[in-house]
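What follows is one structure encoded as structure tokens, with my remarks underneath.
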There are 2 protein chains.
Amino acid sequence: MDAARYPLEPTPDELEAQTRAVADFVLAQLRGLADQPSFDLDGVEPLRAAFDEGLPEGGTPLAELLERLKPAIAKSYNTAGPGYLAYIPGGGVYAAALADLIACAVNRYVGVAQAAPALARIEETAASWLCRLMGLPPGARGILTSGGSLSSFSGIVTARHERLGEAFQDGVLYFSEETHYCVTKAARLAGFPRASLRALPTDARFRLRPEALRNAILEDRARGKRPFLVVANVGTTNTGAIDPLPDLLEVAREHGLWVHADAAYGGFFRLAPGGETRLRGIEECDSITLDPHKGLFLPYGLGALLVKDGDALARVHREGASYVQDVTHAGSLGFADLSPELSRDFRGLRLWLPLMLHGTSAFRDQLEEKLALARWAFDELRSDERFELLDEPQLSVVAFRLRAPADEAERLGPELLRRVNARKRVFLSSTRVQGRYALRICVLSFRTHADRVKDAVSALRQEARALVGRTPSRESSTRRRRT
Amino acid sequence: MDAARYPLEPTPDELEAQTRAVADFVLAQLRGLADQPSFDLDGVEPLRAAFDEGLPEGGTPLAELLERLKPAIAKSYNTAGPGYLAYIPGGGVYAAALADLIACAVNRYVGVAQAAPALARIEETAASWLCRLMGLPPGARGILTSGGSLSSFSGIVTARHERLGEAFQDGVLYFSEETHYCVTKAARLAGFPRASLRALPTDARFRLRPEALRNAILEDRARGKRPFLVVANVGTTNTGAIDPLPDLLEVAREHGLWVHADAAYGGFFRLAPGGETRLRGIEECDSITLDPHKGLFLPYGLGALLVKDGDALARVHREGASYVQDVTHAGSLGFADLSPELSRDFRGLRLWLPLMLHGTSAFRDQLEEKLALARWAFDELRSDERFELLDEPQLSVVAFRLRAPADEAERLGPELLRRVNARKRVFLSSTRVQGRYALRICVLSFRTHADRVKDAVSALRQEARALVGRTPSRESSTRRRRT
């Protein structure tokens, strides 16, 4: 290869040709989404191995690189497609991708307002919309992160700083057994030993029991510990459970605890009809994790942390240095003052552009549809005696088990998942709830509509029948019989 | 606005039209870069205020939104342009922007290898290239972050976990007075009180003095503390100083300290001719922060942490949960196991694509040019008796002062900066070194070539002459006289 052919600043003609090539590539990807398999890993190993190569001295034509990327993208879980019902989907609204192209190409810096005042304001505005959507009062502030894990981390660090100060070794934090493991991970990164983390039991609907929280706090206080934080779930990953926020807030207020809502998955359902009732109490939480790449269907790479007393973010994050004296002013707080990051991408645009382009109503309609689809799948599966439903959907997750003799269930559950996924129309994932294997349908891609959910349900019913026969075993089918 | 007109899934024709509109917008931005002012904040206030608006219920045509973005981008520090010599530039190689468009549009998940094996391998490969460029041994691993601040944070947390365990309150960390404030910030977020942070004095060239480190360690040990980490600079922000890595490594090894190199700015100069000598010792550091958005000229939003014993990343970051049982296997370590993040963007592509497209040599040539330009600017300014140069460039920063009577210097320095920047051909920033005001030229945009650096130097000389006259004051011009 001739290195000189590929300088970092291509000619205007080359820039245009590159842009056209990538645009065609991307549009072809989008056009094919509905027809692509929901997952496809056949023959991926040699593809993967081919990327295990040294750093090249010379350049390579863009067309060649795009050709290599095509199969690398195809051989994967199709997380962008309509059949993706595993984990927590999102889909990836395309306007966010266009926003990222703009943000990267113009490469402005928004960490301090002074360097790009109007762009920084776009990000502030987008963050303030999230505060308003959650019903937080004036004075709340939001920061945008790369995802829920770092949002939770910053929420925990902020709570630590506000409630415990620098000597936090006797601090204790609480959450339910159903809480996402990013909370445990974030707490450990924030310096808390495992012994300071209390995973508390849940009720029959997988919600943290307020009296369990109260008892644990009292017990820890009696032992000379400092309870300081409860993390409440607004939509668990396993079943979509929403912890009883008003009751938890009451217990927390009694004992001076910070309440952080992990609403990464569930928070945006506040937009849907009835959402304010469904998520009652979220507007009073001290901090909230949201994942726009989940409930706003954006591409991976955008989380948010909202803090009711927004200045608390500055109290823990703000530092200064001489070499930024030209851009830091007493009165202005930039994202570098409010978050752990300094230089980073202008990620506000990938939130602002989709919301401005499509309007809130487009997102609200989608969320409403997702709730209805999950409800429909629940009703269908419940009507089939082969399935045991773990809970009525609190949001858009349906968790269930195949009814089978106890000694068979741990084998037949994974086999059912394998068979349904092997059809490649939908892609489901599994979990364990209360120690037992369970399957999940999570409806949260904007590309998922009734036809795919019907495919999921009918594949489950057909494969279940093939596995356990026309009549499920007596042992596990005593609870409910319908036809 | 008619909400129904803007569903989240546009028609194929609309997708194509949107892509074309954004492509035209972006290409126009790039075409104009060389002619745009180096900064322009005139009239930005009403623009900024206009973005302070509520969340819209309905959508807005893309063309209108792009029209609003145009001036919002223009009224800023032109961080993408050739005249940007402030702070630490980068420029923003366009191929990375194209990579982000692809990554966001196809929205695959690379946090666990299983979900997109070939794409995850692309990111692993790109990270391994960084390890190789720094000369790290096999067994080293890299993670990609959003920037240097989070890289430093993860480096500190990894060192904390490896050297101190969960009870780290008696741990002490060391760095020079010239160290970037992201290190202090990261250490505090990681749970260290300010009293555990030691900012040590530097030598005449602003490098951490190894004997100062040794003495501080001994003193802390005598007080029952646990010294565990030294952060060494590979290119300070103020002057580009490189701490004496081999000597610091020796002291650190004597006392069992982890050595973290903050090479966010300077690390990639190892590619340039003589780089291995210049950065000698970096290949033996326990961890390294790199910012590809600096030394590889990529857009904001890409940092890296490299760890010599790569498995250390897993020991601190790995957590598990039932709902990821389908994708986590004992043998495989995904980025979610190695970093604080779980869901996040496929940011490996924005490193892989530019390096593959342009080849290493294009970056090497650029880095060599930047070193030469800084050296040239240094020689020119040194030949003018109105300037006091703080140090010969160790990398591509030139730091200097206007020679002026002591009572005038603090007024004339900022005035010189203001006048040079007001010409809008180049944009410089200031700092304080050893308590006194100083100006900086940092040459690190791939779009900056000799013409702009000449403009910077001639503007400085003309404005300096206008401010202090033909002959500088006797008081501050005693050290060096040349013409």
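The values are calculated or read from the model by the stated rules, or taken from the named source; none is laboratory data. Quick caveat: nothing in here was measured; it's all calculated off a predicted structure. Positions of Cβ are generated from backbone atoms using ideal geometry, with glycine treated the same way; all protein chains shown enter the neighbour counts. The area values use the complete protein model at the heavy-atom level, side chains included, leaving out ligands, DNA and RNA. Shrake-Rupley method; radii C 1.70, N 1.55, O 1.52, S 1.80 Å.
Assorted remarks:
- Neighbours of A:Arg48, meaning other residues whose beta-carbon lies under 15 angstrom from its beta-carbon, give a summed charge of -2 when Lys and Arg score +1 and Asp and Glu score -1.
- Of the DSSP H helices in chain A, those whose Cα atoms cover at least 20 Å axially and whose Kyte score averages -0.5 or more: A:12-31, A:117-133, A:148-163, A:349-382, A:450-468
- Across segment A:403-447, the residues whose backbone nitrogen lies under 14 Å from the label position 7 Å along the beta-carbon direction of A:Glu177 are A:432-437.
- Solvent exposure of the protein assembly as shown amounts to 32 Å² per residue of accessible area, where only protein heavy atoms count and the probe is 1.4 Å.
- In nanometres and ascending order, the distances from the B:Gly274 label point to those of the other copies are 7.2 (point 7 Å from Cα along Cα→Cβ).
- Using a 7 Å projection from Cα along Cα-to-Cβ, the label point at A:Gly469 is separated from the same position in the remaining copies by 10.9 nm, smallest value first.
- Solvent-accessible surface, computed for protein heavy atoms with a probe of 1.4 Å, shrinks by 20 Å² or more for the following residues of segment A:134-175 when the other protein chains are added to the isolated chain: A:Ser146, A:Ser149, A:Leu150, A:Phe153, A:Arg160, A:Glu166, A:Phe168, A:Gln169.
- Centre separation in Å (Cα based) which lies between segment A:17-75 and segment B:34-48: 39
- Residues along segment A:343-366 losing 40 Å² or more of accessible surface when the other protein chains are present rather than the chain by itself (probe 1.4 Å): A:Ser343, A:Asp345, A:Trp352, A:Leu353, A:Met356, A:Leu357, A:His358, A:Thr360, A:Ser361
- Estimated from helices alone, the mean residue ellipticity of chain A at 222 nm is -13500 deg cm²/dmol (sum of -39500 (n - 2.57) over DSSP H runs with n ≥ 4, per residue).
- For segment A:397-447 versus segment A:148-167, the inter-centroid distance based on Cα atoms is 35 Å.
- Considering only chain B, percent of DSSP beta bridges that pair antiparallel, nearest 5: 55
- Among chain B residues, the one whose Cβ is nearest the axis of the rotation from B to A, given with its distance rounded to whole Å, is B:Gly191, 1.
- Packing order of peptides B:159-170, B:301-312, A:419-430, A:38-49, highest average first: B:301-312, A:419-430, B:159-170, A:38-49 (average count of other Cβ atoms within 10 Å over each peptide's residues).
- Two-decimal ratio, the protein assembly as shown, of alpha-carbon radius of gyration to 2.2 N^0.38 Å: 0.94
- Segment B:48-136, accessible surface, carbon-and-sulfur percent (1.4 angstrom probe): 54
- Of the two radii for segment B:216-283, the radius of gyration is 1.05 times the Kirkwood radius, both from the alpha carbons; that is the Rg over Rh value.
- Pair B:Ala222, B:Ala34: separation of 7 Å Cα→Cβ label points (nm): 6.2
- Charge tally around B:Lys185: other residues with Cβ under 9 Å, Lys/Arg +1 each, Asp/Glu -1 each, net +1.
- Net lengthening on full extension, A:Arg411/A:Arg205 (0.36 nm per residue, minus Cα-Cα): 71.6 nm
- The convex hull of the Cα atoms of chain B, projected and averaged over all directions, covers 26.5 nm².
- Treating r as the C-beta distance of A:Ser332 and B:Asp451 and R0 as 41 Å, the FRET efficiency rounds to 0.75.
- The count of lysine pairs in chain A whose Cα atoms are under 28 Å apart, excluding pairs fewer than 8 places apart on the same chain, comes to 17.
- DSSP beta bridge pairing in the protein assembly as shown, given as percent antiparallel to the nearest 5: 55
- Cα Rg, Dmax, segment A:56-119, angstrom units: 17.4, 45
- Annotation for the B:A interface, with buried accessible surface near 13800 Å², both sides summed [1.4 Å probe; non-protein components not counted].
- For A:Tyr300, neighbours were defined as the other residues whose beta-carbon sits under 9 Å from its Cβ, and their charges (Lys and Arg +1, Asp and Glu -1) total +1.
- Pairwise FRET efficiency - A:Arg132 versus A:Glu250, Cβ, R0 = 35 Å, nearest 0.05: 0.90
- Relative contact order (percent, whole number), segment A:397-472, Cα cutoff 8 Å, 6+ residue spacing: 36
- Chain A, relative contact order in percent, only Cα pairs under 8 angstrom and at least six apart counted: 20
- A:Asp52 paired with B:Glu53, simple spin-label distance in nm, labels 7 Å along Cα-to-beta-carbon: 5.3
- Peptide-level mean, for B:27-36, of C-beta atoms on other protein chains within 10 Å: 3
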